[in-house]
Amino acid sequence: MDGQTIKATLGKNIKFLRSRRGVTQAVLAEEADISIIFLSSIERGTKYPQPDVLARIAKALEVEVFELFKGDLVPSDSKELITRLSEDITSKLNLALEDVFKEYLG
């Protein structure tokens, strides 16, 4: 994988994860302590961040750094995307319901 492909994959993954979290570039940039312009450049695949910035972005997105580079993270077809998002939402909803039941039912 060449440098440009790595930058493009990184950018697509950050954008996907940010969108999945439902946050804007402004929010993610603030959480990662970088400028919106720099974040936008990373998402477009024109800039590559230093390791400490990658770590802050990953932390803000609640993922491990290696996940930002996974080549298969962004589904190519919308049916697969809907399935993955549905599974993610279901998982989070189940965890939230468990917490509620534990709180009120002992």
Original post:
Considering only helices (runs of 4 or more DSSP H) fully contained in the stretch 1-73, which possess at least 1 residues that are touching a residue at least 60 places away in the same chain (Cβ under 8 Å) and within 23 Å of L85 (Cβ to Cβ)?
Top reply: 3-21
Original post:
Within the stretch 13-50, restricting attention to residues that are out of contact with any Leu (no Cβ under 8 Å at 6 or more places or on another chain) and of a type in the set (D, E, K, R), which residue is farthest from F66 (Cα to Cα)?
Top reply: E30
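Taken together, the values in this text are just the output of simple stated rules run on the coordinates, not laboratory data. This structure is a prediction, so every number in the text was calculated from the model and none was measured. Cβ atoms come from the backbone with ideal geometry, glycine included; neighbour counts cover every protein chain shown.
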